[in-house]
Amino acid sequence: MAYKFNPFTGKLDQVGAGGATAAGSANEIQYNDGAGGLAASSDFTVDPDWNDASTVFTGLKLNVTDGAGGSPVSASGSNLLDLQSGGTSKIKFDKFGINYGVASAITNYIAIGGAYGATNGFRLYGDTGTLRFASNHTVGWTANATESFTTLDTALVREDAGVVKITDGSTGTGYIKQDPVAITALPAAGTVGAGTRGFVNDASSTTFAAEVALGTNDGGSTVVPVYCDGSTWRIG
């Protein structure tokens, strides 16, 4: 029977017959195999049982110094956590972090790029089903395969309260495209309500505010914009 000194407990752990000691690889954490030995690899499970309602605790904490006390700021692309499967990253939390929890009356939110109430990043709220962006952040798209965020060619921007602007990604003009449909494909005017807009491709009239429906200004081949006044679809 053999023993190995455990520097973490200050005791001798049994190895050999009671538990084999496997050689670990570089940068690998070894675990107690349950028989007094060390396993070269194992599941890492944290299962705290903290039955004290008056004490606030943290089950697992990783604190990385980043530019405090005169130390260098960590390199761009540094991660606090990188979860992988088969050597491929599945979820990464960069050094700016991700916050999840409960704040005031808002429950089940995820804040990325800033904590709840911060002016940067965005939040996803599970209880209200909303995705919220702080300040006037841009939602943008790019055709660049390298996902360069400096080459947006289409973007949505909050211009002011109740105003959304479509741009070319900077300050240029943006456009909205609606695919024309047959008049028969228009949803019921009373269902979609006043203010709904669209295009039809089989109108027989271009008269502004003329009704468009089966038997009324239909059967043509003209593409015209249409709007709903709450009870009827009209040209315009």
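The values are calculated or read from the model by the stated rules, or taken from the named source; none is laboratory data. All figures in this text were calculated on a predicted structure; none of them were measured in a lab. Note that we place each Cβ from the backbone using ideal geometry, even for glycine, and neighbour counts take in every protein chain shown.
Look through Thr142, Thr150 and report the one residue that is hydroxyl-bearing (Ser, Thr, Tyr), at pLDDT below 85, out of contact with any Leu (no Cβ under 7 Å at 6 or more places or on another chain) and not assigned by TED's automatic domain parsing to the domain that holds Glu211. Don't jump to the end; show me each part of the working.
Details: Thr142 fails: out of contact with any Leu (no Cβ under 7 Å at 6 or more places or on another chain).
So the residue among Thr142, Thr150 that is hydroxyl-bearing (Ser, Thr, Tyr), at pLDDT below 85, out of contact with any Leu (no Cβ under 7 Å at 6 or more places or on another chain) and not assigned by TED's automatic domain parsing to the domain that holds Glu211 is Thr150.
Assuming Thr184 fulfils every condition listed in (1) out of contact with any strand residue (DSSP E or B) (no Cβ under 7 Å at 6 or more places or on another chain); (2) in a loop (DSSP other than H, G, I, E, B) apart from one, which condition is it? It is condition (2) that Thr184 fails. Pairing residues of region 195-211 that are in a loop (DSSP other than H, G, I, E, B) with residues that are surrounded by 15 or more Cβ atoms within 10 Å (Cβ to Cβ) and basic (Lys, Arg), at Cβ distances under 6 Å and at least 6 apart in sequence or on separate chains, gives Ala209/Arg234.
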